[in-house]
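Enquirer: Let me begin by handing over the structure; questions about it come next.
The values are calculated or read from the model by the stated rules, or taken from the named source; none is laboratory data. These numbers were taken from a predicted model, which means no experiment stands behind them. Cβ placement follows ideal geometry from the backbone for every residue including glycine, while neighbour counts extend to all protein chains displayed. Keep in mind that these areas ignore ligands, DNA and RNA; they rest on the heavy atoms of the full protein, side chains included. Shrake-Rupley method; radii C 1.70, N 1.55, O 1.52, S 1.80 Å.
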Amino acid sequence: MFLVVENVRRQQLQWLAFIRQVKGWNVAEIARRTGRNAATFSKFENDPENAAQLSPKTVSLIEQVSGIPAYQSENVVKPRGIAEVESAPYEAEQLTAIDGAVKALKGDRNAVDPWVLHSRSLEAAGYIPGDILMVDLNARPTAGDVVCAQVYDRTGRAETIFRLYEDPFLVAATLDKELMRPHLIDNERVIVRGVVIASFRERRAA
């Protein structure tokens, strides 16, 4: 039993260290983003008995705010056709200049989610990295729509991507050869989650 606890704790420590390295966050920042007390992480990291573990709820929160799956402690090679990190949930504090517009469009509609595009997958369709894409989870896609989808790898981990809907495929609009492979929509490995109904772009200096 002790060995199991020790192994889980070691995995959690390595995972946190990886997150801090990749994201550039310290313990206080992780605590702030997850809504947890910083003492929770300090106690976990400095426990003299080497028995403290992060709770499942805390692990889930860290996954959500960091975008790094639980216990991943090294860079994972993505399947061909998917960028390193194609998109991420929108964080208002990072793009305050257009946050009002995002909030106004979303309103009280729980089925509308904002995402930040990080890849060049739709550059030829007019969407570039940094754009905020508003996704309606209740909308039904038609040919040519930009859609939000999830692609699952062999371990069951999902990557959220944005592509053009050309039933039964999802296709990129880009010159990046690494992103050009079409994805067959099978509702198991590739699942369409929603349709992009609007986008926002922060003003960039010339």
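Enquirer: Provide Rg and Dmax in Å for region 134-176, with only Cα atoms included in the calculation.
Expert: When restricted to the Cα atoms of region 134-176, Rg and Dmax are 11.4, 31 Å.
Enquirer: Mind ranking 15, 115 by accessible surface for me, highest first, 1.4 Å probe?
Expert: From most accessible down to least: 115, 15.
Enquirer: I've got another one for you. Could you let me know the centre-to-centre spacing of region 29-61 and region 128-174, using Cα atoms, in angstrom?
Expert: Distance between centres, Cα-based: 34 Å.
Enquirer: Comparing 63, 49, 178, which has the greatest mean-square fluctuation in the GNM of the chain with Cα pairs linked when under 10 Å apart?
Expert: 49
Enquirer: Say each of residue 109 and residue 17 gets a label point 7 Å from the Cα, pointing the same way as Cα to Cβ; how far apart are those two points in nm?
Expert: Here the answer is 4.6 nm between the modelled labels.
Enquirer: Quick check: convex hull over the Cα atoms of the chain, volume per residue in Å³, rounded to an integer?
Expert: 149
Enquirer: Calculated FRET efficiency, residue 47 and residue 191, Cβ-Cβ r, R0 45 Å, to nearest 0.05?
Expert: Taking R0 as 45 Å, the efficiency between residue 47 and residue 191 is 0.65.
Enquirer: Here's another thing I want to ask about it. Over the alpha-carbon set of region 152-206, divide Rg by the Kirkwood Rh and report the Rg/Rh ratio to two decimals.
Expert: Rg/Rh: 1.05.
Enquirer: Using only the alpha carbons of region 104-196, determine the length spanned along each of the three principal axes and report them from longest to shortest in whole angstroms.
Expert: 37, 28, 26 Å, listed from the longest principal axis down.
Enquirer: Would you look at the GNM of the chain, springs on alpha carbons closer than 10 Å, and say which of 67, 130, 100 moves the most?
Expert: 100
Enquirer: Something else about it: Quote the charge dipole size of the chain about the Cα centre in Debye, to the nearest 20; the model charges only the Cβ of Lys and Arg (+1) and of Asp and Glu (-1).
Expert: Numbers: 26 positive and 27 negative charges, 41 e Å.
Using only the charged Cβ atoms, the result is roughly 200 debye.
Enquirer: Among 192, 59, 112, which one moves the most in a GNM of the chain with springs linking Cα atoms closer than 10 Å?
Expert: Of 192, 59, 112, the most mobile in the Gaussian network model is 59.
Enquirer: Once every DSSP H run of n ≥ 4 in the chain is given -39500 (n - 2.57) and the sum is divided by its residues, what mean residue ellipticity at 222 nm do you get, rounded to the nearest 500 deg cm²/dmol?
Expert: -8500 deg cm²/dmol
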